[in-house]
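K.L.:
Right, I'll just put the structure down here and ask away after.
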Amino acid sequence: MSVVLVTGSYDHDIRFWEAWSGICSRTITRKDEQGQVNRLAISPDKRLLAAAVHKKVNVYEVASTSSGPLISFEGHNGNITSVSFHSEGKWLVTGSEDGTIKIWDLRSTHLHRNYDNEAPVNDVVVHPNQGELISCDQAGRIKQWDLSENICTHELTPAGDIPMRSISLASDGSCLVAGNYKGKCYVWKINDERSDLPRFQAVTKFQAHSKYLTRCLLSPDVKYLATCSADTTVKIWSLTSNYEFKLEKVLQGHQRWVWDCAFSADSAYLVTASSDHTARLWEMASGETVRQYSGHHKAAVCCALHDGAG
């Protein structure tokens, strides 16, 4: 499959879509299993789909027609809020409301590592160097975890104890953006560990939305930031080399909260998932909806897109 587009919903279903026709090509129904789908991630080689389903992660084969998972990882005691693949596709990283970040071995299916964050984890991303994780949590903290040393090496608290909802790392490792519950975004330049400068250098902050922010995501080409919100919109911000953020477009069309978004590999398109039961494909250049994906019976809360090289 050249384009893998997937959505997850409170109706418990996971749906695969043909991006251009808008047709649902496969549904994983999960009839016998409780728990909503919280987050989705597609492996770098497009072979696997990881779905955070309540307290566990189900890993499905993208090319299969089976509704049964290839493997399941169980061990979290609370809702899993984030899931991502390590670049080589050998590990899976999860963050949970139980206050832990876990790394799972996809080959042995065992828990490889466990980090105790204490506060509920809202988001985790893998640094492009693949040697660090960065997380944000309900206590308003952003932490960097060293994968080789098993420790937290840096901690940021830009807004006191206001919960940090979402984080995004530039694909080239140059900057970090974090969004909090109150719709504010914070931006840091990331300096080399070997330099005399601080690892995370605060460069700017701005009010992205007046209502609850659900997701912030930098485009693969690091020219844009998308922010999703309870205000039903997605805002597209351009960023300069000086880390100045300018509102370029407001994507309007969803009728209710927008929960998640994913960029195409060339940064030309954005997929969004909303409480209005639908997902949408937006063209970045025009800011228009070019396709709508309808089929879920409840809120669509997560989406994943992989249309790059497998």
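K.L.:
Which whole-Hz couplings ³J(HN,Hα) result when phi for each residue of region 162-176 is put into the Karplus expression 6.51 cos²θ - 1.76 cosθ + 1.60, θ = phi - 60°, listed in order with x for Gly and Pro?
P.N.:
Going residue by residue, I get 5, x, 8, 8, 8, 9, 9, 10, 4, 4, 9, x, 7, 8, 10 Hz, with x marking Gly and Pro.
K.L.:
Run the dipole for region 1-159 about the Cα centre, Lys and Arg Cβ at +1, Asp and Glu Cβ at -1, nothing else charged, and hand back the magnitude in debye, nearest 20. Present the calculation step by step, with values, prior to reporting the outcome.
P.N.:
Working: 15 positive and 20 negative charges, 92 e Å.
It comes to approximately 440 debye.
K.L.:
Name the long-range amide H neighbours of Ser229: under 5 Å, sequence gap of 5 or more, or other chain; modelled H, no Pro or chain starts.
P.N.:
Thr214, Val258
K.L.:
In whole Å, how far is the Cα centre of region 133-171 from that of region 247-310?
P.N.:
First find each Cα centre; the distance between them is then 26 Å.
K.L.:
If you take the square roots of the eigenvalues of the alpha-carbon gyration tensor of region 147-290 and sort them as a ≥ b ≥ c, do you get rounded (a/c under 1.5), prolate (a/b over b/c) or oblate?
P.N.:
Prolate.
K.L.:
Now, a different point. For region 230-310, with the dipole built from +1 on Lys and Arg beta-carbon atoms and -1 on Asp and Glu ones, taken about the Cα centre, which of Cys261, Val250, His277 lies farthest toward the positive end?
P.N.:
Towards the positive end, the residue furthest out is His277.
K.L.:
Let me ask another. Hey, in the GNM for the chain with a 10 angstrom Cα cutoff, which one of Arg15, Arg26, Arg194 fluctuates hardest?
P.N.:
Judging by the Gaussian network model, the answer is Arg194.
K.L.:
In straight Cα distance, which lysines are under 28 Å from Lys102, not counting same-chain residues fewer than 8 positions off?
P.N.:
Excluding near neighbours in sequence, the set is Lys31, Lys46, Lys55, Lys56, Lys90, Lys143, Lys182, Lys184, Lys189.
K.L.:
Accessible area per residue for the chain in Å², computed with a 1.4 Å probe and the full protein assembly in place, what is it? Provide the component values of the computation, followed by the final result.
P.N.:
Numbers: 12720 Å² over 310 residues.
Dividing the accessible area of the chain by its residue count gives 41 Å².
K.L.:
At a 1.4 Å probe radius, which order do Leu217, Leu111, Leu48 fall into by accessible area, largest first? Provide the component values of the computation, followed by the final result.
P.N.:
Numbers: Leu217 45, Leu111 85, Leu48 10 Å².
Accessible-area ranking of Leu217, Leu111, Leu48, largest first: Leu111, Leu217, Leu48.
K.L.:
If you put +1 on each Lys and Arg Cβ and -1 on each Asp and Glu Cβ, how big is the dipole of the chain around its Cα centre, in Debye rounded to 20? Walk me through the intermediate numbers first.
P.N.:
Working: 32 positive and 35 negative charges, 126 e Å.
With Lys and Arg at +1 and Asp and Glu at -1, about 600 debye.
K.L.:
Next up: Could you pull the accessible area for Glu74 with a 1.4 Å probe, rounded to 10 Å²?
P.N.:
Using a 1.4 Å probe on the heavy atoms, I get roughly 130 Å².
K.L.:
Now for a separate question. So how exposed is Glu288, as accessible area in Å² (1.4 Å probe, rounded to 10)?
P.N.:
Only protein atoms counted, so the area is about 110 Å².
K.L.:
With a ≥ b ≥ c taken as the square roots of the eigenvalues of the C-alpha gyration tensor of region 163-221, please select rounded if a/c is under 1.5 and otherwise prolate if a/b is larger than b/c or oblate if it is not? Don't skip to the answer; put the middle values down first.
P.N.:
Values: a/c = 2.79, a/b = 1.83, b/c = 1.53.
Here region 163-221 falls in the prolate category.
K.L.:
Something else about it: Counting pairs on different chains as well as pairs 8 or more places apart, how many Lys pairs in region 194-254 have Cα atoms under 15 Å apart? Mind dumping the intermediate values first?
P.N.:
Values: Lys205/Lys246; Lys211/Lys235; Lys223/Lys235; Lys223/Lys246; Lys223/Lys249; Lys235/Lys246; Lys235/Lys249.
The result is 7.
K.L.:
Determine the shape class of region 73-204: with a ≥ b ≥ c the square roots of the Cα gyration tensor eigenvalues, call it rounded for a/c under 1.5, and otherwise prolate if a/b is greater than b/c, oblate otherwise.
P.N.:
The shape class here is oblate.
K.L.:
Using +1 at the C-beta of Lys and Arg and -1 at the C-beta of Asp and Glu, which of Asn129, Ser241, Asn180 has the Cα lying farthest in the positive direction of the dipole of the chain?
P.N.:
Asn180
K.L.:
Label 7 Å along Cα→Cβ of Ser87; region 178-197 residues with amide nitrogen under 19 Å?
P.N.:
Residues passing the 19 Å test: 190-194.
K.L.:
If ligands, DNA and RNA are left out, what is the accessible area of His110 with a 1.4 Å probe, given in Å² to the nearest 10?
P.N.:
120
K.L.:
OK, next. Assigning unit charges at the beta carbon (Lys, Arg +1; Asp, Glu -1) and nothing else, what dipole magnitude in debye, to the nearest 20, does region 88-171 show about its Cα centre?
P.N.:
Values: 7 positive and 13 negative charges, 51 e Å.
Taking the Cα centre of region 88-171 as origin, the dipole is about 240 debye.
K.L.:
Stretch Asn242-Ala268 to full length: gain in nm at 0.36 nm per residue minus the Cα-Cα span?
P.N.:
On the way: separation 26, 0.36 × 26 = 9.36 nm, distance 2.24 nm.
Working it through step by step, the gained length comes to 7.1 nm.
The values are calculated or read from the model by the stated rules, or taken from the named source; none is laboratory data. None of the values given here were measured: they were computed from a predicted structure. Heads up, the Cβs are rebuilt from the backbone with ideal geometry, glycines too, and the neighbour counts pull from every protein chain shown. Quick note on the areas: whole protein, heavy atoms, side chains included, nothing else; ligands and nucleic acids left out. Shrake-Rupley method; radii C 1.70, N 1.55, O 1.52, S 1.80 Å.
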